[in-house]
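Report on the following structure.
The values are calculated or read from the model by the stated rules, or taken from the named source; none is laboratory data. If you're wondering where the values come from, they're calculated on a predicted model, not measured in any experiment. Here Cβ is always computed from backbone atoms with ideal geometry, including for glycine, and neighbour counts include all displayed protein chains. Just the protein is used for accessible areas: all its heavy atoms, side chains included, with ligands, DNA and RNA removed. Shrake-Rupley method; radii C 1.70, N 1.55, O 1.52, S 1.80 Å.
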Amino acid sequence: MTSLNSPADAAGVLGGVRAEVRATPDYPFIPVHAPVKLDQNESALDFPRHLRELAVRRMLERDWNRYPDLHADTLREKIGAYEDWDAAGVVVTPGSNVIIKLLTELGGIGQRILTVQPNFSVYELEGQMLGASLTRVPLRADFGLDVAAMKRELAAGGPGVLFLPQPHAPTGFLDEESDVRAVVEAAGDDWIVVIDEAYHQYSGSDYRSLVLERGNRLSLRTFSKAWGLAGLRLGYALTHPALAANLQKLVSAFNVNVLTQVVAEVALEHPAYVRERADEVIWERERVQSGLSGLKNLHALPSRTNFFLVRTPDPSAAYAFLLERGLLVRRQDKQPMLAGCLRVSIGTREQNDALVSALLELDRELEVRE
Ligand SMILES: *Cc1c(COP(=O)(O)O)cnc(C)c1O
């Protein structure tokens, strides 16, 4: 086979690629295999077996040779019913990451993207690729929103898109509702205000009523975390029908395939497991945190999500130490304010026990070395 991998070939074929895309780094994720996967904040438990079987039976009855619903209308209605939201204000895409891209197209190209720092890298990667003017406002030292600084940036003017994760990723911090409200209300009508609620089932927060108050606001939700369906790739926005209609124009026709629609519909008809499992994760998170409360050289940071940060004196060594014990976590130490930090997802009870003993062991080793 001929190879096109030489640098000369690459230089020769990239002339048509926009400079912004060439300058944007790859999504920062390198797949690593390990027995205990705590690196992507997925649910440790799969979609319940009986629901998988029900979904497969339903798939057999559907027409695979036909295009699905143009805009997944049945699914949007089911999401609307579940969320108590007008289906005309629901937009679904293959993962909420796609909605983040579409929101950047909707209000970011040639305009502004405003978010916080550290952040969920998708906001800034999309902004960078689509040539938005990107502003990142540092969080307070405790990882809360710097309300005054956010207000200053909003007052400097849009138009643009404000991305606010609540609870925040990757810190796990949940802001006071009054702080979120102050920032959201400071955004004038030339801003699209996005509250990314990917982890809200673990925090007890819910910004639907704040979104309802004004048509330029939007809540972003996903099946990838508490629903245990990251493999499905499905996310959605809850917003005003007028904003939804414009966002919908950017969604490619037939974007959510028929098999995904079937699984999501089954999930939405049987949602009880989501709350039960989220409660179990919250319980486990607090158990892990109390197991780690005596750490001397490492520091486990509190969290309102299904993951938390561990600050270490040497993140590279700590990452390798955990991986040797079969525990795969995610490094976050290159992000501003997160020096030394690893991000760890909450797993099953056994996995969490293994994590706690490994971190206690590492902590003792660091003690001896000092
Ligand atoms: C995991 C996550 C999402 C979900 O993305 P999907 O594309 O729906 O899997 C969205 N926002 C944040 C901050 C996340 O961590």
Matching residues, the stretch 130-140, being in contact (Cβ under 8 Å) with a residue 24 or more places away in the chain and either in contact with a Cys (Cβ under 7 Å, 6 or more places away or on another chain) or away from the ligand (no atom under 16 Å from the Cβ) (or both): Leu130, Gly131, Ala132, Ser133, Pro138
Qualifying residue in the stretch 159-174 (condition: without any contact (Cβ under 8 Å) to a residue 40 or more places away in the chain and either within 16 Å of the ligand (Cβ to nearest atom) or at negative phi (or both)): no
Of all residues making up the stretch 224-247, the number that are more than 16 Å from Glu77 (Cα to Cα), of a type in the set (A, V, I, L, M, F, W, C) and in contact with a Ser or Thr (Cβ under 9 Å, 6 or more places away or on another chain): 6
Test: Ser121 is polar (S, T, N, Q), within 15 Å of the ligand (Cβ to nearest atom) and within 17 Å of Val21 (Cα to Cα): yes
Lone unmet requirement of (1) among the acidic types (Asp, Glu); (2) within 24 Å of Gly215 (Cβ to Cβ); (3) touching a residue at least 60 places away in the same chain (Cβ under 8 Å) for Asp63: (2)
Members of the stretch 24-48 that are open to solvent by less than 70 Å² (accessible area, probe 1.4 Å) and either more than 16 Å from the ligand (Cβ to nearest atom) or free of Cβ contacts under 8 Å to residues at least 40 places away in the same chain (or both): Thr24, Phe29, Val32, Ala34, Val36, Pro48
Conditions (1) farther than 24 Å from Gly231 by Cβ; (2) outside the structural domain of Asp333 (by TED's automatic domain parsing); (3) surrounded by 16 or more Cβ atoms within 10 Å (Cβ to Cβ); number of the one not met by Gly12: (3)
Near pairs, Cβ below 9 angstrom, 6+ apart or cross-chain, from the stretch 115-129 (touching a residue at least 24 places away in the same chain (Cβ under 8 Å)) to any residue that is in a helix (DSSP H, G or I) and acidic (Asp, Glu): Thr115/Glu124; Gln117/Glu124; Glu126/Glu105; Gln128/Glu20; Met129/Glu20
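Please determine whether any residue of the stretch 164-182 is of a type in the set (S, T, N, Q), within 19 Å of the chain's Cα centre (by Cα) and more than 23 Å from Arg331 (Cβ to Cβ). Step through it out loud before you land on a result.
Let us first name the residues in the stretch 164-182 that are of a type in the set (S, T, N, Q), namely 166, 171, 178.
Now narrow it down to the ones that are within 19 Å of the chain's Cα centre (by Cα): 166, 171.
Still in the list and also more than 23 Å from Arg331 (Cβ to Cβ): 166.
Yes: one or more hits.
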Only listed residue being buried (at least 23 other Cβ atoms within 10 Å of the Cβ), away from the ligand (no atom under 14 Å from the Cβ) and among the hydrophobic types (A, V, I, L, M, F, W, C), chosen from Val180, Val193: Val193
Leu54 being more than 16 Å from the ligand (Cβ to nearest atom), in contact with a Ser or Thr (Cβ under 8 Å, 6 or more places away or on another chain) and at pLDDT 95 or above: no
Filtered residues of the stretch 172-201 (kept if over 19 Å from Thr135 (Cβ atoms), in contact with a Leu (Cβ under 8 Å, 6 or more places away or on another chain) and not in a helix (DSSP H, G or I)): Gly172, Phe173, Glu197, Ala198
Residue within the stretch 252-261 that is out of contact with any His (no Cβ under 8 Å at 6 or more places or on another chain) and over 30 Å from Val161 (Cα atoms) present: yes
